[in-house]
């Protein structure tokens, strides 16, 4: 009963960010979903899902959820909440409240221009906890700025976690918008963060995280391998990392991409 009450509180938070919309809107937005998928990076096994915010329901989830969580008959928001590690559940609630506050203060034209990231431990069907990186972007809103549907991806980053320290809550700006890293949820002051990397360095960092070699990156970005190697050295220097595995782990935890 206690967990049901807590989930009901989360539903009220989601109702608030959706401005108490009924959730019934035209769902013909496949192109927008596809474009958003391209903006979510993956560093391990993952699955996608579409979340109807006002109804607090997961409307669709990709088949890969079975490989990660062992779930074979769909996935519900309540199931996710109930299987979050007890030590992470309060943080999940605090972060979702902070997400609502963040989107409430955004201008209408920027609702679709932010990706929300943080992580927590989620239990699979075998009872094992896995560190899940959650990335969420809004794919549908209305003229009042209500968040109607979001596209999320859950990536298993357990292999990158050398300790059980969670990453902070970050709002990553898309299409040139400013980003907010590791937002202090106790104060909820949204101060834009200084960018550590240039746009080109962030582009290369994301490709490095996805396992691309310098040769692959040079061909994809149509620049010389020498230029790519120079950028990679600068990225390592700015990040304070000595190796690529250390860089990848730190980039995930600090939400650099």
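Structure notes:
- Here the extension length gained between residue 189 and residue 203 equals 2.2 nm, from 0.36 nm per residue of separation less the Cα-Cα distance.
- Volume per residue of the C-alpha convex hull in region 115-237, rounded to whole Å³: 174 Å³
- Per-pair calculated FRET efficiency, R0 = 45 Å: residue 210 and residue 142 via Cβ, rounded to 0.05: 0.85
- Region 92-143, Rg to Rh (Cα coordinates; Rh as Kirkwood inverse mean 1/r): 1.10
- Relative to the dominant Cα principal axis of the chain, helix 225-239 is inclined by about 60°.
- Mean ellipticity per residue at 222 nm, deg cm²/dmol - from DSSP H runs of n ≥ 4 across the chain, formula -39500 (n - 2.57): -11500 deg cm²/dmol
- Fully extended contour minus Cα-Cα distance, from residue 87 to residue 227, at 0.36 nm per residue: 45.9 nm
- For region 199-254, the relative contact order comes to 31 percent (Cα pairs under 8 Å, sequence separation of at least 6).
- Between 0 and 90°, nearest 10: helix 199-209 axis offset from the chain longest Cα axis: 80 degrees
- Contact order, relative form, for region 140-257: 22 percent (alpha carbon pairs under 8 Å, 6 or more residues apart, mean separation divided by residue count).
- Relative contact order [Cα under 8 Å, 6+ residues apart], region 88-207, whole percent: 21 percent
- Given in Å, the Rg to one decimal and the Dmax to the nearest whole number for the Cα atoms of the chain are 18.4, 60.
- Rounded to 10°, Cα long-axis angle of helix 2-17 versus longest principal axis of the chain: 70 degrees
- Between residue 250 and residue 76, the simple label model (points 7 Å from Cα in the Cβ direction) yields a spacing of 4.4 nm.
Quick note: the coordinates plus some simple rules give every number you see, no bench work behind them. On a predicted model such as this, the values are computed, not experimentally measured, just so you know. A quick note on method: Cβ atoms are made from the backbone with ideal geometry, for glycine too, and the neighbour counts reach across all protein chains shown.
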